[in-house]
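**Student:** Next up is a structure, given as structure tokens.
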């Protein structure tokens, strides 16, 4: 489960070296927006060196590569795939063809290096109006897709919308991403909250994202990791209620009851499914046996 995904600039040796102690569920080593064009080669060398030499859990490594329409994309893939990170994050993904081309390129390198085909998963960054409208098709285009990631900064620029803290301008995009991800049984990652100094705003934004169905949220500041993790972690009250729901439905089934109530409220199938999913998350986090 990826609750918090922290961006680490690929051209920052200090942040790369200390990434694994910052508390995030995953780290996005960024070769794209955080790196100026003249530093792309150096950043790629730094990231590959960090993955090779530092004691990272590879299941927590995501590498954000440059867009498909740039020469850097192919070079990024050639350098990164042999290191077998858990995830590669393609950027500016707008259509299924983007994923198919990237996936085929990865496959060729996997074959060349005798790696298991399909082990490296993709988390497409959806950050264009066309990408939002094609979200389901992108999500279902390849078995490599592990999650969809909403990129609101580039999206709102593409839409000529005004980016705000309250996020009304990305409400449709958020719903579209979550719906597409759920339809394909993959995770949905929300866009970062970009004010590094507004912790309360970050917490509120993360809670909104979770309420919409997102399973995690990206961060551009280490200061945001704790708030995101807390927002996407079930509370003790939620866990207790979920347990009670499961106990009530199991007791009702044993007694042959067609309907079960809990606290005066009827327990139907959607409530049971929601309870089971929440308890599954709690187990992944070590909060439930």
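**Student:** Please find, among 269, 274, the residue that is modelled with pLDDT under 90, closer than 23 Å to residue 186 by Cα, under 34 Å from the mean Cα position of the chain (by Cα) and not assigned by TED's automatic domain parsing to the domain that holds residue 206.
**Tutor:** On inspection, the qualifying residue turns out to be 269.
**Student:** Another question, then. How about the range 198-226: which of its residues are free of Cβ contacts under 8 Å to residues at least 24 places away in the same chain and touching a helix residue (DSSP H, G or I) at 6+ places or on another chain (Cβ under 8 Å)?
**Tutor:** Passing the criteria: only 210.
Residues checked against (1) in contact with a strand residue (DSSP E or B) (Cβ under 7 Å, 6 or more places away or on another chain); (2) over 16 Å from residue 200 (Cβ atoms):
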| position | (1), (2) |
| --- | --- |
| 215 | yes, yes |
| 220 | yes, yes |
| 225 | yes, no |
| 237 | no, yes |
| 241 | no, yes |
| 245 | yes, yes |
| 249 | yes, yes |
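**Student:** While we're on this one: Within the range 21-32, which residues are touching a residue at least 24 places away in the same chain (Cβ under 8 Å) and surrounded by fewer than 21 Cβ atoms within 10 Å (Cβ to Cβ)?
**Tutor:** Listed by number, the residues that qualify are 22, 23, 25.
**Student:** Of the conditions (1) in contact with a helix residue (DSSP H, G or I) (Cβ under 8 Å, 6 or more places away or on another chain); (2) at negative phi, residue 23 clears all except one; give me its number.
**Tutor:** Among (1) in contact with a helix residue (DSSP H, G or I) (Cβ under 8 Å, 6 or more places away or on another chain); (2) at negative phi, residue 23 violates only (2).
**Student:** Would you check if residue 52 is loosely packed, with under 14 Cβ neighbours inside 10 Å, closer than 25 Å to residue 107 by Cβ and either assigned by TED's automatic domain parsing to the domain that holds residue 151 or in contact (Cβ under 8 Å) with a residue 24 or more places away in the chain (or both)?
**Tutor:** On the way: loosely packed, with under 14 Cβ neighbours inside 10 Å: yes; closer than 25 Å to residue 107 by Cβ: yes; either assigned by TED's automatic domain parsing to the domain that holds residue 151 or in contact (Cβ under 8 Å) with a residue 24 or more places away in the chain (or both): yes.
Here the answer is yes, as residue 52 does meet what is asked.
**Student:** Residue 157 versus (1) touching a helix residue (DSSP H, G or I) at 6+ places or on another chain (Cβ under 9 Å); (2) outside any loop (DSSP other than H, G, I, E, B): which is the lone unmet condition?
**Tutor:** Condition (1) is where residue 157 drops out.
**Student:** In the range 56-87, what count of residues is obtained for those that are within 16 Å of the chain's Cα centre (by Cα) and either farther than 15 Å from residue 2 by Cα or buried (at least 18 other Cβ atoms within 10 Å of the Cβ) (or both)?
**Tutor:** 9
**Student:** Scan the strands (runs of 3 or more DSSP E) fully inside the range 160-262 and keep the ones with 3 or more residues being over 30 Å from residue 140 (Cα atoms).
**Tutor:** On the way: elements: 187-190, 216-219, 260-262.
Once the strands (runs of 3 or more DSSP E) in the range 160-262 are filtered for at least 3 residues that are over 30 Å from residue 140 (Cα atoms), what remains is 260-262.
**Student:** Follow-up. Just the residues that are touching a strand residue (DSSP E or B) at 6+ places or on another chain (Cβ under 7 Å) and surrounded by fewer than 17 Cβ atoms within 10 Å (Cβ to Cβ), please, taken from the range 185-208.
**Tutor:** The answer is none; no residue qualifies.
**Student:** Filter the range 104-133 for residues that are under 18 Å from the mean Cα position of the chain (by Cα) and surrounded by 15 or more Cβ atoms within 10 Å (Cβ to Cβ) and give the result.
**Tutor:** 120, 121, 122, 123, 124, 125, 126, 127, 128, 131, 132 - these are the residues of the range 104-133 that are under 18 Å from the mean Cα position of the chain (by Cα) and surrounded by 15 or more Cβ atoms within 10 Å (Cβ to Cβ).
**Student:** Does residue 162 meet the test of being more than 30 Å from residue 84 (Cβ to Cβ), in contact with a helix residue (DSSP H, G or I) (Cβ under 7 Å, 6 or more places away or on another chain) and surrounded by fewer than 18 Cβ atoms within 10 Å (Cβ to Cβ)? Working first, answer last.
**Tutor:** Details: more than 30 Å from residue 84 (Cβ to Cβ): yes; in contact with a helix residue (DSSP H, G or I) (Cβ under 7 Å, 6 or more places away or on another chain): yes; surrounded by fewer than 18 Cβ atoms within 10 Å (Cβ to Cβ): yes.
Criteria met by residue 162.
The values are calculated or read from the model by the stated rules, or taken from the named source; none is laboratory data. Everything numeric here is computed off the predicted structure, so don't read it as measured data. Neighbour counts are summed over all protein chains in view; Cβ atoms, including those assigned to glycine, are modelled from backbone coordinates with ideal geometry.
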